[in-house]
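Here's the structure, in structure tokens; my notes come after.
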Amino acid sequence: MAGVGRNSKLYSGPTAEAIKRQKGKCSHCNRKFMEMDGVVELHHIDGNHNNWFRLNLVALHRECHQEVHSKRIKDGLDKRAIKA
């Protein structure tokens, strides 16, 4: 099963940069991104969707992204829900 590596043509721009910086692993669950996982989503750590500074962006599995947002709501926007 193929992973979503740095040479993947599936993603470009900030998402590809985040995947590469994270060595092909989800910042939340630390599992490798696999093509069969579906969509890799870009998360703004500080919650500000206008802040595109690269260290404010992490790549997450779609399910992990939903979990992070659920946790942030429950914990009052606790940014510790993910590892940058």
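The values are calculated or read from the model by the stated rules, or taken from the named source; none is laboratory data. The structure presented is a predicted model; accordingly, all values stated were derived computationally and were not measured. Note that each Cβ is placed from the backbone with ideal geometry, even for glycine, and that neighbours are counted across all protein chains shown.
Figures for the structure shown
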quantity	calculated
Test result for S8, in a loop (DSSP other than H, G, I, E, B) and at pLDDT 70 or above	no
Candidate set from the stretch 52-84 (those that are closer than 20 Å to R31 by Cβ and in a loop (DSSP other than H, G, I, E, B)); member that is modelled with the lowest pLDDT	A84
Residue list for the stretch 17-40, filter: within 17 Å of L57 (Cβ to Cβ), more than 10 Å from the chain's Cα centre (by Cα) and assigned to a helix (DSSP H, G or I)	E17, K20, R21
Pick from the stretch 42-71, criterion of a type in the set (K, R) and farther than 16 Å from K20 by Cβ, ranking: surrounded by the most Cβ atoms within 10 Å (Cβ to Cβ)	K71
Subset of the stretch 13-61 [touching a residue at least 12 places away in the same chain (Cβ under 8 Å), over 18 Å from K71 (Cβ atoms) and charged (D, E, K, R)]	E17, K20, R21, K32, E35, D37, R54
